[in-house]
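Scroll down for the structure; my scribbles are underneath it.
The values are calculated or read from the model by the stated rules, or taken from the named source; none is laboratory data. The structure presented is a predicted model; accordingly, all values stated were derived computationally and were not measured. Methodologically, a virtual Cβ is constructed for each residue, glycine included, from the backbone with ideal geometry; neighbour enumeration extends over all protein chains shown. Remember, those area values only see protein heavy atoms, side chains included, never the ligands or the DNA or RNA. Shrake-Rupley method; radii C 1.70, N 1.55, O 1.52, S 1.80 Å.
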Amino acid sequence: MKKKLWILCIIVVLLSSFGLGLAAGYVASDYSTEEFSYDQIKGSNADPHPQSARFINIFYEGDFPGMSDFPITAEQAEPGKQALNALRGQTYTRLFPLIRPSKKGIGIYEVSGCTPSYTAYWDGKHLWLPDEGRWRGYVPSSPGQLEQEFQSSWQLQNGIIDGK
């Protein structure tokens, strides 16, 4: 019985060492410390992030989204322009791959023509971007500033929709 317990303990220690080695290797590598601009890491996806509770629409002035008969005005395009500028105003580092996004964040999608393209999901701390069919997490250089910009864009967008 004691022999089996020792073998089990040795296996646990070896697996723990292996896991800690992987984590230390990740932290020490350029993978976790390399900084990217938004334009270097942006992607798009046909499906929204499953945990999006609200959305910010990125429209382009003069475009006719969907089946609309009326072009987008500068006022309607402003919230999306603010959100896009906020994304571009940060630098990003990759998140540890095992971290998952929080719920009820803000989905950001770009509308050009008939098809929306989901470009980002903000969970309040991390930015999630589509990458080959899955969502990859990034840490912005200033999460608080990005949160304020997104909240401002979202409120401006809702004010325009509600006619305020």
List every residue whose amide H lies under 5 Å from the amide H of Ile56, counting only residues 5 or more places away in sequence or on a different chain, with H placed 1.01 Å from N in the peptide plane. Gly107, Ile108, Tyr109
From phi via Karplus (6.51, -1.76, 1.60), per-residue ³J(HN,Hα) for region 133-142 in Hz, x at Gly/Pro: x, 9, 9, 9, x, 9, 9, x, 5, 9
Calc'd 3J(HN,Hα), region 82-92, phi into Karplus 6.51 cos²θ - 1.76 cosθ + 1.60 (θ = phi - 60°), Hz, glycine/Pro = x, comes to 4, 5, 5, 5, 5, 4, 6, x, 10, 10, 10
Accessible solvent surface per residue of region 72-140, calculated while the other protein chains remain in place, 1.4 angstrom probe, Å²: 47
Quick check: net charge around Pro116, other residues with Cβ under 11 Å of its Cβ, Lys/Arg +1 and Asp/Glu -1? -2
Rough spin-label spacing in nm, given labels placed 7 Å along Cα→Cβ, for Arg136 and Ser44: 1.8
What figure in square angstrom, to the nearest 10, would you give for the accessible area of Leu98 with a 1.4 Å probe? 130
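Provide the FRET efficiency to the nearest 0.05 for the Phe64-Glu34 pair, computing r from the beta carbons and using R0 = 45 Å.
0.70
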